[in-house]
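The block underneath contains the structure these notes are about, expressed in structure tokens.
The values are calculated or read from the model by the stated rules, or taken from the named source; none is laboratory data. If you're wondering where the values come from, they're calculated on a predicted model, not measured in any experiment. Here the Cβ is made from the backbone with ideal geometry for all residues, glycine too, and neighbour counts use every protein chain on show. SASA here: full protein model, heavy atoms, side chains in, ligands and nucleic acids out. Shrake-Rupley method; radii C 1.70, N 1.55, O 1.52, S 1.80 Å.
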Amino acid sequence: MAIIEKIENIKQQVLKMSDCVIENITDAISFYLGKNKIKSINDDLIDQYERLIEEMCINVLLRERLYAKDLKEVTGVLKLVSDLERIGDHAEDIYNFSLKLENYKEPKILEIEGLSVYVMNMLKQAM
């Protein structure tokens, strides 16, 4: 398999991972606002994507002679993947915090919904 194909395959996996992250954040915010009842956030899938993509990147770095452009892409993906995984962790934190707030009768902060839409759009554009 050519280097270009390997890097393209890595990019496709990153897009799949980002879709999972966006879905988790959306579900966590919806749960907080009381619009969606979910039982958990699937952070394990995001962790699996992180390990898979890191392994793919390391294999490319070890086995191929990369030009500067390709090297920048692969190392950039490694940084991006760790950031996406951290965002996925935040989704789990939002869900766990929302579970603790379920028994309180205080009104939810509705501005969070507008902010979450804005942030999700930024994440989608960045990807």
Stretch gain in nm, segment residue 15-residue 48, where the contour uses 0.36 nm per residue and the Cα spacing is subtracted: 10.5 nm
Would you look at the GNM of the chain, springs on alpha carbons closer than 10 Å, and say which of 114, 76, 34 moves the most? 114
Return the carbon/sulfur percentage of the accessible area of the range 3-63, one whole number, probe 1.4 Å, all protein chains in place. 49 percent
Whole-Hz ³J(HN,Hα) from phi, Karplus 6.51 cos²θ - 1.76 cosθ + 1.60, for the range 80-93, glycine and proline x: 4, 4, 5, 5, 5, 5, 5, 4, x, 4, 5, 4, 5, 5
What list of ³J(HN,Hα) couplings, whole Hz, do you get for the range 49-66 from phi and the Karplus terms 6.51, -1.76, 1.60, once you set θ to phi - 60° and write x for glycine and proline? 4, 4, 5, 4, 5, 4, 5, 4, 5, 5, 4, 5, 5, 7, 9, 10, 9, 8
Quick check on my link table: of 16/39; 16/72; 6/124; 69/124; 11/124, which ones sit more than 18 Å apart, alpha carbon to alpha carbon? 16/39; 16/72; 6/124; 69/124
Under a 1.4 angstrom probe, counting protein chains only, how are 30, 18 ranked by accessible area, largest first? 30, 18
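So what's the range 1-115 giving for Cα Rg divided by 2.2 N^0.38 Å, two decimals? Walk me through the intermediate numbers first.
Numbers: Rg = 17.9 Å, N = 115, 2.2 N^0.38 = 13.4 Å.
In units of the 2.2 N^0.38 Å rule of thumb, it is 1.34.
Can you sort 38, 4 by 1.4 Å-probe accessible area, starting with the largest? Don't jump to the answer; show the numbers that get you there.
Working: 38 35, 4 135 Å².
My answer, sorted largest first, is 4, 38.
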Nearest-10 value in Å² for the accessible area of residue 37, using the 1.4 Å probe: 150 Å²
If amide hydrogens are placed 1.01 Å from N in the peptide plane, which non-local residues have theirs closer than 5 Å to the one on residue 127? none
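What full-extension length gain, to one decimal in nm, is calculated for residue 110 and residue 122 as 0.36 nm per residue of separation minus the Cα-Cα distance? Display every interim value, and only then the final one.
Working: separation 12, 0.36 × 12 = 4.32 nm, distance 1.95 nm.
Value of the extension gain: 2.4 nm.
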Could you compute how much accessible surface residue 45 exposes when probed at 1.4 Å, giving the result in Å² to the nearest 10? 60 Å²
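Relative contact order of the range 1-122, please, whole-number percent, based on alpha carbon pairs below 8 angstrom and at least 6 residues apart. The partial results should precede the final answer.
Numbers: 89 pairs, mean separation 48.4, N = 122.
The value is 40 percent.
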With +1 assigned to the C-beta of every Lys and Arg and -1 to the C-beta of every Asp and Glu, and no other charges, what is the dipole magnitude of the chain about the Cα centre in debye, to the nearest 20? 200 debye
Can you find, among 56, 34, 10, the residue sitting farthest towards the positive end of the charge dipole of the range 1-76, where Lys and Arg contribute +1 and Asp and Glu -1 at Cβ? 34
